[in-house]
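The values are calculated or read from the model by the stated rules, or taken from the named source; none is laboratory data. Source: prediction; values computed, not measured. Methodologically, a virtual Cβ is constructed for each residue, glycine included, from the backbone with ideal geometry; neighbour enumeration extends over all protein chains shown.
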Amino acid sequence: MSGRRVAVPARPTRVVSLAPSLTEIVYALGAGERLVGVTEYCDYPKEATAKPKVGGIYTPNFEAILTLRPDLALATTEGNREEHVRGLAALGIPVYVVRPVDFATVLQSIERVGRLLGRQGEAAALAGSMRQEAEAIARAVEGVRRPRVLYVLWGNPLIVPGRDTLITDLIRRAGGESVTRDEPLAYPRFSVEEAMARQPERIVLAQHGEASVDERLREWQHLRLLPAVRQGRIHPIDGNLMHRPGPRILEGLRTLARLLHPEVPW
């Protein structure tokens with residue numbers, strides 16, 4: 001999806017968001033009234049749930065999108081499929097795609113969406129404040145011992161973050177080292193045995209929606225060979241804060257840093 005040239009209206013007023021992170025960005029920039037359609041998973045802020053739905057992240061409904069007559073669609077490489085982006089473009093709908101693969105490019109995404117919507121000032125202020133707090137977190141954990149972290153995106157099957165992913169970058173910025181950071185795939189599947197072999201000192205379990213930690217992962221409490229289990233260092237974290245590359249990613253970073261380093265006077 002890179003290298004595409006997109007003709008975007010000077011001031012788009014009918015915008016469709018194809019990902020929850022983009023919906024959150026548009027609202028954070030004070031342009032929520034321009035959203036005429038969002039995905040079924042766009043549940044934040046609450047106002048987004050009242051917007052017309054255009055299908056899922058991986059399964060957009062082209063007919064529903066066309067009915068809304070958008071002058072711009074927003075998509076992301078971290079979720080949306082290239083064939084859907086090209087399909088919408090072939091139907092005459094301009095699709096602007098962002099690529100937020102780490103914290104720095106999340107900020108770039110915010111700034112670029114801000115320029116598209118004529119909200120440059122709001123975007124610069126938001127990105128600037130996020131950057132400043134991230135730098136403050138980095139200073140707070142500078143020089144501390146970095147624990148070996150196993151981050152679990154999903155419990156069954158066991159899915160972890162690999163190299164060049166946002167989550168791996170957040171773990172590093174929060175003062176940890178992901179035990180799966182060198183995996184060539186972005187989000188490989190692991191077995192519990194593979195995870196045990198990495199000897200993580202902390203295990204962070206992503207929670208999704210209102211669901212509790214996966215029952216399979218509760219069994220890890222019995223894996224006393226893992227340092228993280230022996231020391232009672234298994235922590236849940238809101239997956240929406242960690243997996244959506246939008247404004248709330250800063251809250252995810254802050255939460256993660258406090259989990260990994262309770263000894264720091266936050």
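Filter segment 44-61 down to residues that are out of contact with any Cys (no Cβ under 8 Å at 6 or more places or on another chain) and either small (Gly, Ala, Ser) or part of a loop (DSSP other than H, G, I, E, B) (or both), then give me how many there are.
11
Identify, by number, the condition in (1) loosely packed, with under 15 Cβ neighbours inside 10 Å; (2) in contact with a strand residue (DSSP E or B) (Cβ under 7 Å, 6 or more places away or on another chain) that ILE93 doesn't meet.
Of everything listed in (1) loosely packed, with under 15 Cβ neighbours inside 10 Å; (2) in contact with a strand residue (DSSP E or B) (Cβ under 7 Å, 6 or more places away or on another chain), ILE93 misses just condition (1).
Has segment 31-38 got at least one residue that is exposed (fewer than 15 other Cβ atoms within 10 Å of the Cβ) and either under 20 Å from LEU250 (Cα atoms) or modelled with pLDDT of 95 or more (or both)?
Of the residues in segment 31-38, the ones exposed (fewer than 15 other Cβ atoms within 10 Å of the Cβ) are 33.
Okay, now just the ones that are also either under 20 Å from LEU250 (Cα atoms) or modelled with pLDDT of 95 or more (or both), so 33.
Scanning segment 31-38, I find at least one residue that is exposed (fewer than 15 other Cβ atoms within 10 Å of the Cβ) and either under 20 Å from LEU250 (Cα atoms) or modelled with pLDDT of 95 or more (or both), so the answer is yes.
When you scan segment 94-113, do you find a residue that is in a loop (DSSP other than H, G, I, E, B) and free of Cβ contacts under 8 Å to residues at least 40 places away in the same chain, even just one?
The answer is no, given that none of the residues of segment 94-113 is in a loop (DSSP other than H, G, I, E, B) and free of Cβ contacts under 8 Å to residues at least 40 places away in the same chain.
Taking SER178 as meeting all but one of (1) surrounded by 14 or more Cβ atoms within 10 Å (Cβ to Cβ); (2) at pLDDT below 90, write down the number of the exception.
That leaves (2) as the condition not met.
What are the residues in segment 56-76 that are among the β-branched types (Val, Ile, Thr) and more than 17 Å from PRO20 (Cβ to Cβ), if any?
Pass one, segment 56-76, residues among the β-branched types (Val, Ile, Thr): 57, 59, 65, 67, 76.
Selection gives THR67 alone.
Do any residues in segment 132-150 that are among the charged types (D, E, K, R) have Cβ atoms under 9 Å from those of residues that are part of a helix (DSSP H, G or I) and surrounded by 13 or more Cβ atoms within 10 Å (Cβ to Cβ), where the two are at least six apart or on different chains, and which pairs are they?
From segment 132-150, the pairs are GLU133/LEU250; GLU133/LEU253; GLU133/ARG254; ARG146/ARG172; ARG146/LEU260; ARG148/PRO227; ARG148/ALA228.
Out of the residues in segment 21-43 that are assigned to a strand (DSSP E or B) and touching a helix residue (DSSP H, G or I) at 6+ places or on another chain (Cβ under 7 Å), which is farthest from ALA64 (Cα to Cα)? Talk me through it step by step, then tell me what you get.
Within segment 21-43, the first condition is being assigned to a strand (DSSP E or B), and the residues that meet it are 35-38.
The next check asks that each one be touching a helix residue (DSSP H, G or I) at 6+ places or on another chain (Cβ under 7 Å); those that pass are 35, 37-38.
Values: LEU35: 14, GLY37: 9, VAL38: 10 Å.
Step by step, filter segment 21-43, then rank; the result is LEU35.
Considering only residues of segment 78-94 that are more than 20 Å from PRO20 (Cβ to Cβ) and among the hydrophobic types (A, V, I, L, M, F, W, C), which is nearest to the chain's Cα centre (by Cα)?
Per the criteria, the residue is ALA89.
Checking the conditions here, which among GLU122, GLU111, GLU133, GLU78 is modelled with pLDDT under 95 and either in contact with a strand residue (DSSP E or B) (Cβ under 9 Å, 6 or more places away or on another chain) or acidic (Asp, Glu) (or both)?
GLU78
Inspect all residues belonging to segment 62-77 and state whether any of them is assigned to a loop (DSSP other than H, G, I, E, B), under 22 Å from the mean Cα position of the chain (by Cα) and surrounded by fewer than 23 Cβ atoms within 10 Å (Cβ to Cβ).
Scanning segment 62-77, I find at least one residue that is assigned to a loop (DSSP other than H, G, I, E, B), under 22 Å from the mean Cα position of the chain (by Cα) and surrounded by fewer than 23 Cβ atoms within 10 Å (Cβ to Cβ), so the answer is yes.
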